[in-house]
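Everything on this sheet refers to the single structure shown next.
The values are calculated or read from the model by the stated rules, or taken from the named source; none is laboratory data. Note that this is a predicted model, so its numbers are computed, not measured. Glycine also receives a Cβ, built like all others from the backbone with ideal geometry; neighbour counts cover every protein chain displayed. SASA here: full protein model, heavy atoms, side chains in, ligands and nucleic acids out. Shrake-Rupley method; radii C 1.70, N 1.55, O 1.52, S 1.80 Å.
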Amino acid sequence: MRQWIRRGPRGAMLAGATAVALALTMTASTGRLLDSSPTAAGPVALARATSLGPCMLRGAMGVQMSEGVPTTPGYARSTGTVRALNLMIDFPDAPGEGTAMDRLGEFFPQTQNWFRTGSYGRLDYLPEAPVKHWLRMPKPFSAYGIERGAPFEPGYRELVDDIVAASDADVDFRSYDLVNILTTPNAGPSALDTVLSVTFAGNHEAPVADGVPLSNMSFVYSRQDDGSGSYADTGYRVLPHENGHVFGLPDLYTQDGGGAVGHWDIMSEDWGVGNDLLGWHKWKLGWLDDSQIGCSATPGTTEHLLSPLSRDSGGTKMAFVPLTEKTGYAVEVRSQEGNDEAVCRPGVLIYKVDADVDTGHGPVTVEDATPDSGGCTRRPNVHAELSDAPYRPGEVFKDPKTGVRISVAGADTSGNYRVYVTRR
């Protein structure tokens, strides 16, 4: 069995959750009885424009959760109506704190609203909780061997089997696209010490319930709570981060924390104040149309008028400069609106995407327009150095090795930026 695991902190001081991407040979639940054919991952009815072919990076063999477009089969679809089953569980040695519905309320409707805003309404995320009480597991929490980096076998398999046994009388698992397991916060260590939250995505080893494999499951533990109140409004964001894996998105932080991407994507840092997804991820998920992508694949200079990524409007949202079949530069405008509440330097964000790099090893690297500045944000739990990474009018990014030159010509009163991409 091939697995694997992302390890490493979400930020310089805090350990991140683990995403486990298994070989994708089993279909995901789609809310209906399945045949033997793979479930389409990513957007519903995926069809890509042939003109964008050079910009559709191919995921490398052996990369189990890559930045390739389109997303490989086995993950949950990311557009249209997606039904999320939420089950709240506790243990004999960790009885539920408060009510199960209180625990659910820590994540909803906030998660639902985050996906609605980030997807421009293209993901209709429906959270459902048919069981309103804590589901008591038959064994103590300690008996399942759950710790950071724990594999699916044997502890998680035993836990999933017990969850199914405890809920099966009240749940038709065929009706759901993904499953969220919200554990009582007193089970296991504080999230400030060790984050156990984990997602098993595209899991072909998953147990079957009601005839469907439970292939895409997110487990959330503890709370992002240090007693200061800093996480009162944003602690829910561990769940959209974990569900990002269910939709096929990799971790962007590395062993060294969020230094590669910072706070520019929730798959990098989800602690503290809000943030959105990168344009590349929005395209990968089907939240951006092909008509909103500019592909600069040929020698010469191309002009792009880019509108802010977080704004629910038309227009070009991202320009992409392919370097190889697996790498390229993405260019987009980030501003303080929508899910991007922490943006302190609006402008043009430039980053390199590498579909040859696996989850948790740095598949995306943000180019910093102001290196070694210390950043412009003083918000808690934001990777400050990259907070002022966007390029402003008159500034130019150059890659001498590839000959790529990206210049920001100016911005209009509506916040749109005119960008020129030159390649040899």
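Let me confirm something: among Ser222, Ser215, Ser197, which residue is over 13 Å from the mean Cα position of the chain (by Cα) and farther than 19 Å from Met65 by Cα? Residue meeting the stated conditions: Ser222.
Taken across region 206-222, residues that are closer than 30 Å to Asp372 by Cα, part of a loop (DSSP other than H, G, I, E, B) and open to solvent by less than 10 Å² (accessible area, probe 1.4 Å) do not occur at all. Just one of Pro363, Pro380, Pro390 is modelled with pLDDT under 95 and farther than 22 Å from Arg424 by Cβ; which is it? Step by step, each of Pro363, Pro380, Pro390 is checked, and only Pro380 is modelled with pLDDT under 95 and farther than 22 Å from Arg424 by Cβ. Going by what's in this entry, would Gly262 be described as in contact (Cβ under 8 Å) with a residue 60 or more places away in the chain and closer than 14 Å to Val364 by Cβ? Criteria met by Gly262. Counting only residues that are free of Cβ contacts under 8 Å to residues at least 24 places away in the same chain and part of a loop (DSSP other than H, G, I, E, B), which one in region 109-149 is least open to solvent (accessible area, probe 1.4 Å)? Among those residues, the one meeting the criterion is Gly145.
Of all residues in region 50-91, exactly one satisfies the criterion of being in contact with a Ser or Thr (Cβ under 6 Å, 6 or more places away or on another chain), part of a loop (DSSP other than H, G, I, E, B) and crowded, with 24+ Cβ neighbours inside 10 Å, namely Met65. Those strands (runs of 3 or more DSSP E) of region 295-399 in which at least 3 residues are over 18 Å from His281 (Cα atoms), considering only elements entirely within it, cover 300-306, 396-399. Where the second residue is assigned to a strand (DSSP E or B) and among the aliphatic types (A, V, I, L, M) and the first is free of Cβ contacts under 8 Å to residues at least 40 places away in the same chain and crowded, with 18+ Cβ neighbours inside 10 Å and lies in region 399-420, which pairs have Cβ atoms under 6 Å and are six or more apart or on separate chains? Final answer for the pair search is Ser407/Val396.
Quick check on Val238: is it of a type in the set (Val, Ile, Thr), in contact (Cβ under 8 Å) with a residue 12 or more places away in the chain and in a loop (DSSP other than H, G, I, E, B)? Here the answer is no, as Val238 does not meet what is asked.
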